[in-house]
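Q: Just dropping this structure here.
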């Protein structure tokens, strides 16, 4: 028998109407935050970043694919990874369905990762994805947008991620790369250790193009990506919510495997 509070339909409706007011307030606050994002100053990018794409070598301007707006998902797939981050993969599972709609609204959605293009292409085929995915291998792009850090930065506490400086990474004796169990599980799913895994971070950045000029307009990281992670938006509306006790998700082709 359930231990959750039960009630009549009338009691449910009264509670639901009260919740509705809170939901409306949150929606209005979210609308106001969206306007504040759009009001941020634009920063012109003069650095010549180079990427490798399915179509060949490309500049940041080329990633727009002729549109005026570009949304980049900073996908965690480091040069030493054997496979893409399963969390990023879960987020990216939703890209195929929306990328075509964004493309027809003057917005290109693209993923960018440090891994060589051949690794990205193989993983993309495995996942069945069709959205654009560029390799920034050999470029300063990931470092400049604060989603890749060197081992020296980790050791010296010189990592600034999500607009905060982090403490030096703790290497634990007898445990390669350190890290908590959940982090170790995800790192292992990528075929690497926790320290290496942590040098790449997730995020998204927005850009706009006017004429030949490209501007950076917005970036968000960590929990700022929650709204882009489709499964969590559904779980937040499910009876038991996120109901998590660890890393329960897998890549979509790994469920049912032992």
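Q: Is segment 96-113 home to any residue that is out of contact with any helix residue (DSSP H, G or I) (no Cβ under 8 Å at 6 or more places or on another chain), surrounded by fewer than 17 Cβ atoms within 10 Å (Cβ to Cβ), modelled with pLDDT of 95 or more and within 24 Å of residue 187 (Cβ to Cβ)?
A: No - not one qualifying residue is present in segment 96-113.
Q: Those residues that are modelled with pLDDT of 95 or more and more than 18 Å from the chain's Cα centre (by Cα), I need them from segment 212-234; list them, please.
A: 213, 214, 215
Q: Another one. Do we have any residue at all in segment 64-78 that's modelled with pLDDT of 95 or more, in a helix (DSSP H, G or I), farther than 21 Å from residue 144 by Cβ and out of contact with any helix residue (DSSP H, G or I) (no Cβ under 7 Å at 6 or more places or on another chain)?
A: no
Q: Something else about it: Is one or more of the residues making up segment 207-229 crowded, with 17+ Cβ neighbours inside 10 Å, in contact with a strand residue (DSSP E or B) (Cβ under 6 Å, 6 or more places away or on another chain) and assigned to a loop (DSSP other than H, G, I, E, B)?
A: No, that holds for no residue.
Q: To continue, here is another question. Which numbered condition in (1) in a loop (DSSP other than H, G, I, E, B); (2) modelled with pLDDT of 95 or more is the only one that residue 125 fails?
A: For residue 125, the exception is condition (1).
Q: Of all residues in segment 81-95, which are surrounded by fewer than 20 Cβ atoms within 10 Å (Cβ to Cβ) and assigned to a loop (DSSP other than H, G, I, E, B)?
A: Matches in segment 81-95: 82, 83, 93, 94.
Q: Same structure again: Kindly provide the set of residues from segment 35-55 that are out of contact with any helix residue (DSSP H, G or I) (no Cβ under 9 Å at 6 or more places or on another chain) and either closer than 16 Å to residue 111 by Cα or assigned to a helix (DSSP H, G or I) (or both), ordered by number.
A: Of everything in segment 35-55, those that are out of contact with any helix residue (DSSP H, G or I) (no Cβ under 9 Å at 6 or more places or on another chain) and either closer than 16 Å to residue 111 by Cα or assigned to a helix (DSSP H, G or I) (or both) turn out to be 35, 36, 37, 38, 39.
Q: While we're looking at this one, here's another question. Give me the residue from segment 80-109 that is touching a residue at least 40 places away in the same chain (Cβ under 8 Å) and farther than 23 Å from residue 249 by Cα and, out of that set, nearest to the chain's Cα centre (by Cα). Reasoning before the result, please.
A: At the first step, the residues of segment 80-109 found to be touching a residue at least 40 places away in the same chain (Cβ under 8 Å) are 80-91, 93-94, 107-108.
Next, only the ones that are farther than 23 Å from residue 249 by Cα stay: 107-108.
Details: 107: 17, 108: 16 Å.
The selected residue is 108.
Q: Next question. Would you mention how many residues in segment 1-34 are in a loop (DSSP other than H, G, I, E, B) and either touching a helix residue (DSSP H, G or I) at 6+ places or on another chain (Cβ under 9 Å) or modelled with pLDDT under 95 (or both)?
A: The number of residues fulfilling the criteria is 7.
Q: Could you say whether any residue in segment 193-206 is loosely packed, with under 12 Cβ neighbours inside 10 Å and touching a residue at least 12 places away in the same chain (Cβ under 8 Å)?
A: Checking segment 193-206: not a single residue is loosely packed, with under 12 Cβ neighbours inside 10 Å and touching a residue at least 12 places away in the same chain (Cβ under 8 Å).
Q: Now for a separate question. Which one is modelled with the lowest pLDDT, of the residues in segment 158-189 that are surrounded by 12 or more Cβ atoms within 10 Å (Cβ to Cβ) and in contact with a strand residue (DSSP E or B) (Cβ under 9 Å, 6 or more places away or on another chain)?
A: 178
Q: Which condition number does residue 146 fail, the rest of (1) at pLDDT below 95; (2) under 16 Å from the mean Cα position of the chain (by Cα); (3) part of a loop (DSSP other than H, G, I, E, B) being met?
A: Unmet condition: (1).
The values are calculated or read from the model by the stated rules, or taken from the named source; none is laboratory data. Note that the structure is predicted; figures quoted are calculated from it, not measured. Cβ sites come from the backbone with ideal geometry, for glycine too, and all protein chains shown count toward neighbours.
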